[in-house]
Structures are given as C-alpha cells and as structure tokens.
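The values are calculated or read from the model by the stated rules, or taken from the named source; none is laboratory data. Just so we're clear, the structure is a prediction, and the values are computed from it rather than from any experiment. Please note: Cβ atoms are built from the backbone with ideal geometry, for glycine as well, and neighbour counts cover all protein chains shown. For the accessible areas, the whole protein counts, side chains as well, though only heavy atoms, and no ligand, DNA or RNA atoms are used. Shrake-Rupley method; radii C 1.70, N 1.55, O 1.52, S 1.80 Å.
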Amino acid sequence: MEAAALLEQLVDLARAAGIEVREIGTGGAGEGDANPGSGICRVKGRVWVLLAPNDSESQRIDVIARALATHARAFLDSRYLTPAVRALLGSEIDQA
C-alpha cells in the first residue's frame, strides 16, 4: 500500500476514534520553534495528533499509529482494519 493511502486511512481511523488530527504551521515570526515536529498531546482531556508539514509521510504515519495503539485500542478491536493497517498497528501495539 502506498504511504499516502496508508496515511489517509490512519487519519480517518484516528478521527473516527475521537482523536483530533491537525496540521500545524510551518513556523514563522513569533511561533517559537521554527521546525516543529509531529507529535501527540492532550488538550482538555482529548488526545490530539499534530502533524508537521516538514515531516515525511512515514514520520506522520508513525505518530498516528502510535496514537491509535496507545489511546484507541478498544476502538481498534471493534473495527475492520485492512491488512496493511492491522500489520502496522499490531507492531505499534506490541511496542506500546
């Protein structure tokens, strides 16, 4: 499966699980870190995944997969996952 298609599936899956997925800015005047990276955080008790535009598709995939494996295991158990997504998330769950 192509990385772009896998990333799209993971974003859709994360949003369906109640994880907020947002693109962050590229950095500019007054934003502090000029080269932010993708990551996971909590905002008012909700899990957010912030995707940095400078990160590769594989870095973005890793961050979303980690968020799903860590914060949405029960949700994943109740969903059909394509073999590529299941294999990726299975390895993330084993590492979590």
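Tabulated results
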{"item": "Theoretical gain in end-to-end length, Thr82 to Lys44 [0.36 nm per residue, Cα-Cα removed]", "result": "10.5 nm"}
{"item": "Per residue accessible area in Å² of the chain, where ligands, DNA and RNA are left out and the probe is 1.4 Å", "result": "59"}
{"item": "For q = 0.13, 0.15, 0.23 Å⁻¹, Debye-computed log10 I/I(0) when each Cα of the chain counts as one equal scatterer", "result": "-0.43, -0.57, -1.21"}
{"item": "Student exercise, the chain dipole from Lys, Arg, Asp, Glu Cβ charges, in Debye to nearest 20", "result": "440"}
{"item": "Cut-off under 5 Å, modelled amide H: who pairs with Asn54 long-range", "result": "none"}
